[in-house]
Amino acid sequence: MASPVKVEHINPFVTATAETFKSMLRATVTPGKLMLIRGNKLQSDISGIIGLSGGAQGSIILSFPRITALKAVSEFIGEKVLAIDETVKDAIGELANIVAGAAKKDLTQYKISISLPTVIIGDGHEVQGGKDVIPMAVPFESPFGPFYLIVSFKSEA
Amino acid sequence: MPLAIRVEHVNPFVSSTMETFTKMVGIEPKPGKLMLKKDSKLNYDISGIIGLSGMAKGSVAISFPKETAIAICNKFMSGDYKDLHADILDAVGELVNIIAGNAKKDLTEFSIAISLPSVIVGANHQIAEPKDSFSFVVPFSTALGGFHLAVSLKPS
């Protein structure tokens, strides 16, 4: 039976998300209470996914409502974007990439390597994990609107 | 010097998909013509995605229309689900996990490691190819409906 991701494996990604929004988007974001994604109907319109492998396996996902994504990307690239286009997809993938890269420094014992970002576009899509581990979601409030960080993480040790 | 990515690097994923469906699901999928991801704006209802890292980075995804996913996963698990139950989602994650796990054995020159699967559910979602990567889509047809395999790779 799969168990939920451990809090100590989630925290580095929460910190990295806050740091990334601070440095890249000049925004203070506030994490809310950890929640299960299963059964909670966490719907988003655009998600950036990064796979994690090495001494641990996992994935992290930044999942946004359309409005939050457009406002956040406008700040990120310094140019107003009004629709989800190539620029927005690349920027969301890049944000997920920066968050995963930044979190690695607090998880050095796992020698994590990260995949290329995959970006999903679809009104109201939901993201779930596989059956090895129960992913956890962290809801964030930001000046651009709400978004979620979803973490799956399983260490071999 | 980074290793070059070529079209034939998609082949292990194609053979692994055929083998996985034949052995684990019990249906023989027929691969169609490989397409460049860029040229194909494709919509799906459910996708299983695995990240790849190592000397090449990327991702592999299998994507289905809803009815096909239910039919194929029911056969895979000997289930009788009528909708996208959590067990169907798990099965999609498990299938892409097996496909990626087998394919990496034929790509030893890239020392690929795989991530945990993520499963996307959402009517008509699209998967964007990662920037600057080689991204291919292979359509498969089966007795239970069609699905797509998408592979993106980039030397690292």
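Looking at the structure I just gave you, is A:ILE10 modelled with pLDDT of 95 or more, within 13 Å of chain B (Cβ to nearest Cβ) and under 13 Å from the mean Cα position of the chain (by Cα)? Write out each step before concluding.
Details: modelled with pLDDT of 95 or more: yes; within 13 Å of chain B (Cβ to nearest Cβ): no; under 13 Å from the mean Cα position of the chain (by Cα): yes.
Here the answer is no, as A:ILE10 does not meet what is asked.
Out of A:SER115, A:SER155, one residue alone is under 21 Å from B:TYR44 (Cβ atoms) and either over 11 Å from the mean Cα position of the chain (by Cα) or more than 10 Å from chain B (Cβ to nearest Cβ) (or both). It is A:SER115.
Checking each residue in region A:121-141 for being in a strand (DSSP E or B), within 24 Å of A:SER3 (Cβ to Cβ) and either within 7 Å of chain B (Cβ to nearest Cβ) or free of Cβ contacts under 8 Å to residues at least 40 places away in the same chain (or both) picks out A:GLU126, A:VAL127, A:GLN128, A:GLY129.
Taken over region B:1-29, the criterion of being of a type in the set (A, V, I, L, M, F, W, C), in a loop (DSSP other than H, G, I, E, B) and touching a Phe, Trp or Tyr at 6+ places or on another chain (Cβ under 8 Å) is satisfied by B:LEU3, B:ILE5, B:ILE27.
For region A:56-73, residues that are touching a strand residue (DSSP E or B) at 6+ places or on another chain (Cβ under 7 Å), part of a helix (DSSP H, G or I) and surrounded by fewer than 20 Cβ atoms within 10 Å (Cβ to Cβ) total 1. Only one of the numbered conditions (1) surrounded by fewer than 19 Cβ atoms within 10 Å (Cβ to Cβ); (2) closer than 29 Å to B:ALA113 by Cβ; (3) of a type outside the set (A, V, I, L, M, F, W, C) is not met by B:TYR81, and that is (2).
Residues of region B:80-93 that are without any contact (Cβ under 8 Å) to a residue 40 or more places away in the chain and out of contact with any Cys (no Cβ under 7 Å at 6 or more places or on another chain): B:ASP80, B:TYR81, B:LYS82, B:ASP83, B:LEU84, B:HIS85, B:ALA86, B:ASP87, B:ASP90. Tell me, which residue of region B:30-43 that is closer than 14 Å to B:SER63 by Cα and in a loop (DSSP other than H, G, I, E, B) is modelled with the highest pLDDT? Applying the filter and picking the extreme gives B:ASN43.
Total residues in region A:118-146 satisfying the condition of being at positive phi and within 12 Å of the chain's Cα centre (by Cα): the figure is 0.
Per the conditions (1) within 12 Å of chain A (Cβ to nearest Cβ); (2) in a loop (DSSP other than H, G, I, E, B), the sole criterion not satisfied by B:LYS57 is (2). For region B:85-133, a residue qualifies if it is more than 7 Å from every other protein chain (Cβ to nearest Cβ), in contact with a helix residue (DSSP H, G or I) (Cβ under 7 Å, 6 or more places away or on another chain) and surrounded by fewer than 22 Cβ atoms within 10 Å (Cβ to Cβ), and the qualifying residues are B:ASP87, B:ILE98, B:ASN102, B:ASP106, B:LEU107.
The values are calculated or read from the model by the stated rules, or taken from the named source; none is laboratory data. Since we're looking at a predicted model, the values are computed, not measured. Don't worry about glycine lacking a Cβ; one is built from the backbone with ideal geometry, like all the others, and counts go over all protein chains shown.
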